[in-house]
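Encoded as structure tokens, the structure appears first; notes follow it.
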Amino acid sequence: RAKAEGRDGHRFFTEDMDESVKTRRAIEHDLRRAIATRRELMVHYQPRMNAGGSRVIGLEALVRWHHPERGLLAPDAFIPIAEETGLIRELGAWVLRDACAVARAWPSLSIAVNLSPVQFRARGIAAELIEIVRHAGARPQQIELEVTESILLDDDEGVRDALAALRHAGFRIALDDFGTGYSSLGYLSKFEVDKIKIDQSFTRRLGESADAAAIIQAVVRLGQAMGLAVSAEGVETREQRAFLEHAGCNELQGFLFSAAVPPGALAALLGGRVEAAA
Ligand code: C2E
Ligand code: MG
Ligand code: MG
Ligand code: MG
């Protein structure tokens with residue numbers, strides 16, 4: 001078919017492009033509506049466990065979209081579009097508000113919220129986040145902001161000041177997906193962070209790759225030496241859990257414990273293990 005449409009398949013390629021551009025436009029249009037009506041977007045919460053015990057010490061907010069025709073969409077299907085269109089700012093604010101409500105309902109838990117680099121680079125981001133939490137009647141001390149290494153790449157004074165302001169206000173800062181970006185150890189001393197989250201790709205390769213094990217052990221030691229908490233993501237097996245606990249991780253997260261659940265399922269999941277607000 002491609003042959004019939006052009007010697008070099010040029011036209012074929014263009015049709016594919018048109019299709020994906022159309023899909024993106026449609027998703028952008030629907031996302032605008034979803035953010036405005038707030039009926040299709042939902043935040044699910046995944047437990048974060050203390051290593052060496054079975055205690056839920058916190059949750060991570062993970063956004064979901066129940067699209068009327070496309071079904072349940074994972075963030076990877078729409079966060080990039082939200083970032084390109086600037087919709088991420090409103091979406092991010094909405095997720096944070098949802099997380100604040102959960103923080104108020106579960107005062108002993110820390111709630112982690114993912115921040116997009118795009119969101120983070122916006123001027124006045126620190127003041128905006130502080131105001132959202134204040135207005136929601138939550139405590140910044142209960143909120144952990146997850147950022148990726150890419151925001152540190154710029155070595156931007158604005159980013160540094162925003163992180164410092166957020167920490168000063170009481171938020172904790174975690175470096176998400178650690179080890180997948182342009183990791184530079186220089187970041188860790190230049191920017192104020194509280195925690196590193198070892199990316200799930202390393203956890204997944206445990207048992208297959210001696211390198212993955214060595215990298216995890218080195219990152220844990222680095223974190224310990226710098227006074228940072230270390231968390232591991234993507235824990236699916238008891239073997240992975242045992243390795244990570246033995247390596248000295250402070251916190252674990254993964255399907256072995258639970259996937260992210262809707263807020264309505266939290267009470268049943270947490271049961272009597274965690275104190276709820278009266
Ligand atoms: P992340 O922050 O690194 O979140 C961890 C992802 O791994 C989540 O996928 C989670 O459901 C998944 N996961 C957790 N445990 C396991 C496990 O044991 N095995 C496997 N295979 N996966 C596990 P999800 O919810 O699809 O989110 C993907 C990414 O989308 C997140 O990665 C985060 O970067 C982004 N994201 C999610 N919610 C938001 C949001 O509200 N704002 C922004 N800016 N980004 C978000
Ligand atoms: Mg995260
Ligand atoms: Mg991650
Ligand atoms: Mg990720």
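The values are calculated or read from the model by the stated rules, or taken from the named source; none is laboratory data. Not measured: the values here are computed from a predicted model. Please note: Cβ atoms are built from the backbone with ideal geometry, for glycine as well, and neighbour counts cover all protein chains shown. Accessible surface areas use protein heavy atoms only, side chains included; no ligands, DNA or RNA. Shrake-Rupley method; radii C 1.70, N 1.55, O 1.52, S 1.80 Å.
Loop by DSSP (not H, G, I, E, B), at most 14 other beta-carbon atoms within 10 Å: where is the longest site-free stretch of the chain for trypsin sites (Lys or Arg not before Pro)?
124-278
Give a residue-ordered list of calculated ³J(HN,Hα) values for the stretch 29-35 (Karplus: 6.51 cos²θ - 1.76 cosθ + 1.60, θ = phi - 60°; whole Hz; x for Gly, Pro).
With the stated coefficients, the stretch 29-35 comes to 4, 5, 5, 3, 5, 4, 5 Hz.
Please list Glu60, Glu239 from largest to smallest accessible area, probe radius 1.4 Å, with all protein chains kept in place.
Ranked list, largest accessible area first: Glu239, Glu60.
With contacts defined as alpha carbon pairs under 8 Å and 6 or more residues apart, what's the relative contact order of the chain in percent?
With pairs under 8 Å counted, the relative contact order is 18 percent.
What length, rounded to one decimal in nm, is gained on full extension from Arg160 through to Ala276, with 0.36 nm per residue of separation minus their alpha-carbon distance?
38.2 nm
Mind checking the stretch 171-238 for GluC sites (Glu not before Pro) that DSSP puts in a loop (not H, G, I, E or B) and that have at most 16 other Cβ atoms within 10 Å?
Hits after loop and neighbour filter: Glu192, Glu208, Glu236.
Using a 1.4 Å probe, what is the accessible area per residue for the chain, in Å²?
51
Using alpha-carbon pairs under 8 Å, 6+ residues apart, how would you state the relative contact order of the stretch 152-256 in percent?
Across the stretch 152-256, relative contact order equals 22 percent.
Can you give me the % of accessible surface on the chain that is carbon or sulfur? Probe 1.4 Å, all protein chains present, nothing else counted.
52
Please say if the stretch 104-214 is rounded, prolate or oblate, where rounded means a/c under 1.5 for a ≥ b ≥ c the square roots of the C-alpha gyration tensor eigenvalues, and otherwise the choice is prolate for a/b larger than b/c and oblate otherwise?
Oblate, since a/c reaches 1.5 and b/c is not below a/b.
Could you give the longest part of the chain that holds none of the chymotrypsin sites (Phe, Trp or Tyr not before Pro) found in DSSP loops with at most 13 neighbouring Cβ atoms within 10 Å?
Value returned for the longest uninterrupted segment is 1-181.
Using the crude model of +1 on Lys and Arg Cβ and -1 on Asp and Glu Cβ, and no other charge, please compute the dipole size for the chain relative to its Cα centre, in debye to 20.
680
Using θ = phi - 60° and the Karplus form 6.51 cos²θ - 1.76 cosθ + 1.60, what ³J(HN,Hα) does each residue of the stretch 89-106 get, whole Hz, x for Gly and Pro?
Karplus-based 3J(HN,Hα) across the stretch 89-106 equals 5, 5, 4, x, 5, 5, 4, 4, 4, 4, 5, 5, 5, 5, 4, 5, 6, 10 Hz.
Accessible surface of Leu62 in the full protein assembly, 1.4 angstrom probe, to the nearest 10 Å²?
Approximately 40 Å² of Leu62 is accessible to the 1.4 Å probe.
Using alpha carbon centroids, what distance separates the stretch 237-278 and the stretch 110-184, in Å?
23
For a label point 7 Å from the Cα of Ala105 along Cα→C-beta, name the residues of the stretch 252-277 whose backbone N is under 19 Å from it.
258-277
Tell me, in nm to one decimal, what length is gained between Thr23 and Arg205 on full extension, where the rule is 0.36 nm per residue of separation less the Cα-Cα distance?
Difference between extended and current length: 62.1 nm.
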